[in-house]
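A short write-up of the structure that comes next.
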Amino acid sequence: MAMLEVDEIRTYYGNIEALKGISLTVDEGECVTLIGSNGAGKSTTLRSISGLTPPRLGDIRFEGENITRTPPAEIVQRGISQSPEGRRCFPRMTVRENLDMGAYLRRDKEVGSDMDRVFDLFPRLKEREKQKAGTMSGGEQQMLAIGRALMAKPKLLLLDEPSMGIAPILVERIYETIAEINEQGTTILLVEQNANYALSVSSRAYVLETGAVAISDDSATLRSNPDVQKAYLGG
Ligand SMILES: Nc1ncnc2c1ncn2[C@@H]1O[C@H](COP(=O)(O)OP(=O)(O)OP(=O)(O)O)[C@@H](O)[C@H]1O
Ligand SMILES: [Mg+2]
């Protein structure tokens, strides 16, 4: 049984059918990528899983339990957290306060050591602990958004375009850290338009086109697919 099973989901915004029957799985320990152009349905897939825009039809199971209509806060408590598209840090709060927000549903005593772990992963955040998030660079805010999602202590981490608007040198750093988070045992479902790095850290990937899965394969196989190279890898 896969950790996450998405089964033929159809998600709507009013009358617009954004997802037209998407199925995918993520095994425990895996890092899986969703790639696709603007409007393909990548963010909507993540938002469906995290309960923000639940599907109208189809099922989502996490660790064998149906979470299709589970409220978002309870989904976080079950072990899924998301770093949303466009970062969405709390601009007037400090770095530390933003990280605390990520842990607000937790009642265990390991919040402090997890914050240390986030600071180990992203030393830049430690340096800027007391700085207001809104004054940080785009790349720093991206690190903060990932760190905040990690503070929920997720079993499954959802990352929506972690490289968007980030300088190439920082993108590399962010991807090294994503690989490290995965190696430390967190399962990851990653969304990217710019797929080179994403395919290098993931084992499998799904290509979405207009709300449906067009291709699914090993990341290495997809990277050498000429159509995929042309459409998604700038080749
Ligand atoms: N709040 C909304 N209201 C209406 N339609 C929406 C809304 N959010 C997304 N959509 C539509 O749903 C479809 C899928 O959007 P989604 O944001 O999932 O795409 P995406 O693959 O994440 O694209 P991008 O790479 O640009 O972020 C698009 O056609 C989009 O216009
Ligand atoms: Mg998106």
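The values are calculated or read from the model by the stated rules, or taken from the named source; none is laboratory data. Given the structure is predicted, the values throughout are model-derived calculations rather than measurements. Using ideal geometry, Cβ is built from the backbone for each residue, glycine included, and neighbour counts are taken over all protein chains shown. SASA here: full protein model, heavy atoms, side chains in, ligands and nucleic acids out. Shrake-Rupley method; radii C 1.70, N 1.55, O 1.52, S 1.80 Å.
Residues that are over 14 Å from the mean Cα position of the chain (by Cα): list the strands (runs of 3 or more DSSP E) wholly contained in region 179-225 that include at least 2 such residues.
204-209, 212-218
Determine the pairs where a residue that is over 18 Å from residue 64 (Cβ atoms), located within region 5-18, has a partner that is away from ligand 2 (no atom under 16 Å from the Cβ) and assigned to a loop (DSSP other than H, G, I, E, B) with Cβ atoms under 6 Å apart, the partner being 6 or more residues away or on another chain.
Note: pairs meeting the criteria are 10/55; 10/56; 11/55; 12/56.
Name the residue, out of 108, 120, 116, that is more than 16 Å from ligand 1 (Cβ to nearest atom), among the acidic types (Asp, Glu) and part of a loop (DSSP other than H, G, I, E, B).
108
Between 155, 132, which is more than 19 Å from the chain's Cα centre (by Cα) and either within 30 Å of residue 37 (Cβ to Cβ) or at pLDDT 95 or above (or both)?
132
On the basis of being within 16 Å of ligand 2 (Cβ to nearest atom) and surrounded by 21 or more Cβ atoms within 10 Å (Cβ to Cβ), does residue 102 make the cut?
The answer is no for residue 102.
With the condition kept exactly as written, say whether any residue in region 144-151 is touching a residue at least 12 places away in the same chain (Cβ under 8 Å), under 17 Å from the mean Cα position of the chain (by Cα) and either within 16 Å of ligand 1 (Cβ to nearest atom) or open to solvent by 10 Å² or more (accessible area, probe 1.4 Å) (or both).
yes
Go through region 166-216 and give me each residue that's within 12 Å of ligand 1 (Cβ to nearest atom) and open to solvent by 30 Å² or more (accessible area, probe 1.4 Å).
193, 194, 209, 210, 212 - these are the residues of region 166-216 that are within 12 Å of ligand 1 (Cβ to nearest atom) and open to solvent by 30 Å² or more (accessible area, probe 1.4 Å).
Working carefully through the options 158, 125, find the one that is outside any helix (DSSP H, G or I), of a type outside the set (S, T, N, Q) and open to solvent by less than 70 Å² (accessible area, probe 1.4 Å).
Going through 158, 125 in turn, the sole match is 158.
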